[in-house]
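K.L.:
The structure is given below, and queries will be raised subsequently.
The values are calculated or read from the model by the stated rules, or taken from the named source; none is laboratory data. Values in this document were obtained by computation on a predicted structure and should not be read as measured data. Cβ coordinates were reconstructed from backbone atoms using ideal geometry, including for glycine residues, and neighbour counts include every protein chain displayed.
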Amino acid sequence: MTNLTILPPTASERRILAEGTFQARDAGMYPVANGKSVRQGVLYRADALSSLSDADLGEITALGVALVVDLREKIEADAAPDVLPAAVDYRRIPIFEETLFSHDFSAFPTLLGQYQLVLDNHAPKLVEAISAIAQHKGAPVIVHCTAGKDRTGLIIALIHLVLGVDEETVLLDYGASEIILGAKFNGAVRDLYQKAGLPRAILGADPRKAPPSYLAETLAEIRRRFGSVESFLIDNGMQQEELDSLRANFLSISPGS
């Protein structure tokens, strides 16, 4: 870890697409070892991109966003399709492989249970999403789902750890979603689920909830099974050159380090 001051994940300087999203933000600017940091302006995380304003669309173009990775199920994406500039490469990579809403709604898995399902049944999809990002060679990318906290949070956490961000910072970035989303998000996501024909009850009492302890337990389980995050990704299909590409293209020398 460097002695740099970390820009908090909730800092307004990180926010993008403020008119049409609840928490789109820059996931860079975190320090790693050897005087490096995650580059600013290359890795963004967001909730749904279905309500972007003209100003937001202009901002996407100005930021040079080349790739959007949408982690949602088809039923979610159909109910709230992304609105993007034509030049952006759009990839929908549903982490749950269209199975999330096949579960019994009266016993819908908790967030921690959903992460367990990913590790047990859908880990290659995590790799597919991260590989797509690596293959863009550091061109700016937005990763998103519906809330931008659960599926997106897991993908961003894995990338951060590959890049060398310490776990305490990774958990802070993850937990910030609950703060940034704001109270208006609860009503918006419930309306979206109603539009998609999904029971709003499965969202729970507080759809913003993003306990860092759930991510910490999931990362601990990955290490118990695979030894490290890198081994987990490689065992599920990621190539070493893709990991090397992430580090080569998403890290920079930190000023003043």
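K.L.:
Under the condition of being under 23 Å from L7 (Cβ atoms) and surrounded by fewer than 22 Cβ atoms within 10 Å (Cβ to Cβ), which residue from region 42-86 is farthest from the chain's Cα centre (by Cα)?
P.N.:
A62
K.L.:
Going residue by residue through region 37-59, is there one that turns out to be within 19 Å of L163 (Cβ to Cβ), at pLDDT below 95, aliphatic (A, V, I, L, M) and part of a loop (DSSP other than H, G, I, E, B)?
P.N.:
No: zero hits.
K.L.:
Among the residues that make up region 25-41, is at least one of them acidic (D, E) and surrounded by fewer than 22 Cβ atoms within 10 Å (Cβ to Cβ)?
P.N.:
Going residue by residue through region 25-41, those that are acidic (D, E) are 26.
Adding the requirement that they be surrounded by fewer than 22 Cβ atoms within 10 Å (Cβ to Cβ) leaves none.
No, there is no match, as no residue in region 25-41 is acidic (D, E) and surrounded by fewer than 22 Cβ atoms within 10 Å (Cβ to Cβ).
K.L.:
While we're looking at this one, here's another question. Got at least one residue in region 124-134 being touching a His at 6+ places or on another chain (Cβ under 9 Å) and surrounded by 22 or more Cβ atoms within 10 Å (Cβ to Cβ)? So that I can check it myself, show each step before the final result.
P.N.:
Initially, region 124-134 is screened for residues touching a His at 6+ places or on another chain (Cβ under 9 Å), giving none.
Among the residues of region 124-134, not one is touching a His at 6+ places or on another chain (Cβ under 9 Å) and surrounded by 22 or more Cβ atoms within 10 Å (Cβ to Cβ), which makes the answer no.
K.L.:
May I pose another question? Please tell me if T146 is touching a helix residue (DSSP H, G or I) at 6+ places or on another chain (Cβ under 8 Å), surrounded by fewer than 23 Cβ atoms within 10 Å (Cβ to Cβ), modelled with pLDDT of 95 or more and closer than 21 Å to T10 by Cβ.
P.N.:
So T146 fails the test.
K.L.:
Here is a further query. Looking for whichever is hydroxyl-bearing (S, T, Y) and modelled with pLDDT under 95 here; the options are Y174, Y115. Which one fits?
P.N.:
Matching residue, one of Y174, Y115: Y115.
K.L.:
Kindly list the number of the only condition in (1) hydrophobic (A, V, I, L, M, F, W, C); (2) in a loop (DSSP other than H, G, I, E, B); (3) under 24 Å from S245 (Cα atoms) that fails for F22.
P.N.:
(3)
K.L.:
Still on this structure: Conditions: (1) more than 24 Å from P211 (Cα to Cα); (2) in contact with a Lys or Arg (Cβ under 9 Å, 6 or more places away or on another chain); (3) of a type in the set (F, W, Y). Y90 meets all but one. Number of the miss?
P.N.:
(2)
K.L.:
A further question on this structure: When the residues of region 153-201 are filtered to those that are among the polar types (S, T, N, Q) and closer than 28 Å to E98 by Cβ, which remaining residue is surrounded by the most Cβ atoms within 10 Å (Cβ to Cβ)?
P.N.:
Within region 153-201, the subset among the polar types (S, T, N, Q) is 169, 177, 186, 194.
Of the ones still in play, those that are also closer than 28 Å to E98 by Cβ are 177, 186, 194.
On the way: S177: 27, N186: 16, Q194: 12.
Per the stated criteria, the residue is S177.
K.L.:
Suppose we keep only residues that are surrounded by fewer than 13 Cβ atoms within 10 Å (Cβ to Cβ) and without any contact (Cβ under 8 Å) to a residue 40 or more places away in the chain within region 229-256. Which one would you say is farthest from I155 (Cα to Cα)?
P.N.:
Our first condition is that a residue be surrounded by fewer than 13 Cβ atoms within 10 Å (Cβ to Cβ); within region 229-256, this holds for 240-241, 244, 248, 253, 255-256.
Add one more test, that the residue is without any contact (Cβ under 8 Å) to a residue 40 or more places away in the chain, and what stays is 240-241, 244, 255.
Values: Q240: 17, E241: 18, D244: 17, P255: 27 Å.
Taking the candidates together, the pick is P255.
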